[in-house]
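Some notes on the structure that comes next.
The values are calculated or read from the model by the stated rules, or taken from the named source; none is laboratory data. Note that the coordinates shown come from a computational prediction; the quantities given were computed from them, not determined experimentally. As a convention, Cβ positions derive from the backbone with ideal geometry for all residues, glycine included, and neighbour counts pool all protein chains shown. Note: areas computed on protein heavy atoms with side chains; ligands, DNA, RNA excluded. Shrake-Rupley method; radii C 1.70, N 1.55, O 1.52, S 1.80 Å.
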Amino acid sequence: AFGTKGDVVNFQSAQRVRSTSWPRIAVLVGTATLSLAALADDFPVLKPGMWEFKRTVTTQGAGGKPINVESRQCTDPTADMKKSNDVLAKQGCKFSPIVRSGSTYSFSSDCRIGGAQYQSRSVITVDGAGGYRVDVTSIGDGSSTKELLIATRVGECKR
């Protein structure tokens, strides 16, 4: 999820995109995707290793053009999600109970960041210990955002 070191690299690279709406997008998407961390205790264990993250974000108000960001990172997604959960709790985010149906998990989050209220709905589909997909729809601060994150374990970490 977004809380992984690889996603932070993604996020920093994506911040270079020039758009007047990008600061709102960054906060909203960061909040929505980081909320995946709420699943750390209920989420299936994902195998540590080299992970590839492909993220597409489309925001109303940014002309509807998708922003695509990709990265690879040696990480343990489950541990990173737990760390991210602590950060979100300190920011005052609240999460709905997780609803699981087979390999699909869904939940919502409600966060106040910088005086603005954001709500998101996330659906995570897990493909064993080596991959997952996150579909997030978020609303807040006068805009809406749709995000797709595809995370795939691509091998062992290089030593």
Complete set of residues in the range 55-82 that are modelled with pLDDT of 80 or more, open to solvent by 40 Å² or more (accessible area, probe 1.4 Å), closer than 24 Å to CYS157 by Cα and not in a strand (DSSP E or B): ASP76
Matching residues, the range 136-147, being open to solvent by less than 50 Å² (accessible area, probe 1.4 Å) and not β-branched (Val, Ile, Thr): SER138, GLY140, SER143, SER144, GLU147
Residue that is at positive phi, in contact (Cβ under 8 Å) with a residue 60 or more places away in the chain and out of contact with any Leu (no Cβ under 6 Å at 6 or more places or on another chain), where the choices are GLY142, GLY92, GLY130: GLY142
Residue ID - nearest to LYS65 (Cα to Cα), chosen from residues in the range 127-159 that are modelled with pLDDT of 90 or more and among the hydrophobic types (A, V, I, L, M, F, W, C): LEU148
Matching residues, the range 93-120, being within 20 Å of PRO77 (Cα to Cα) and basic (Lys, Arg): ARG100
Count - residues of the range 126-159 that are under 20 Å from GLN73 (Cα atoms), of a type in the set (D, E, K, R) and more than 13 Å from the chain's Cα centre (by Cα): 5
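To keep it simple, each residue is scored yes or no on (1) farther than 22 Å from THR58 by Cα; (2) touching a Cys at 6+ places or on another chain (Cβ under 6 Å); (3) of a type in the set (D, E, K, R).
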| position | (1), (2), (3) |
| --- | --- |
| ASP80 | yes, no, yes |
| THR104 | yes, no, no |
| SER122 | no, no, no |
| ALA129 | yes, no, no |
| SER138 | no, no, no |
| ILE150 | no, no, no |
Of the criteria (1) open to solvent by 40 Å² or more (accessible area, probe 1.4 Å); (2) closer than 23 Å to PRO66 by Cβ; (3) charged (D, E, K, R), which one ARG100 fails: (2)
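Hey, can you tell me all the residues within the range 126-135 that are assigned to a strand (DSSP E or B) and either of a type outside the set (Val, Ile, Thr) or open to solvent by 50 Å² or more (accessible area, probe 1.4 Å) (or both)? First the steps, then the outcome.
As a first pass, look at the range 126-135 and keep what is assigned to a strand (DSSP E or B): 126, 131-135.
Residues satisfying the conditions are GLY131, TYR132, ARG133, ASP135.
Condition first: under 21 Å from ILE150 (Cβ atoms) and either of a type in the set (Lys, Arg) or part of a loop (DSSP other than H, G, I, E, B) (or both). Now tell me which residues in the range 83-98 satisfy that. Outline the logic, then answer.
Here is the first cut: in the range 83-98, the ones under 21 Å from ILE150 (Cβ atoms) are 84, 98.
Across the range 83-98, the qualifying residue is only ILE98.
Can you tell me which residue is most open to solvent (accessible area, probe 1.4 Å) among those in the range 112-125 that are of a type in the set (A, V, I, L, M, F, W, C) and more than 14 Å from the chain's Cα centre (by Cα)? Walk me through how you get there before you give the answer.
Step one: list which residues in the range 112-125 are of a type in the set (A, V, I, L, M, F, W, C), which gives 113, 116, 123-124.
Checking the rest, the ones that are also more than 14 Å from the chain's Cα centre (by Cα) come to 113, 116.
Details: ILE113: 40, ALA116: 15 Å².
Per the stated criteria, the residue is ILE113.
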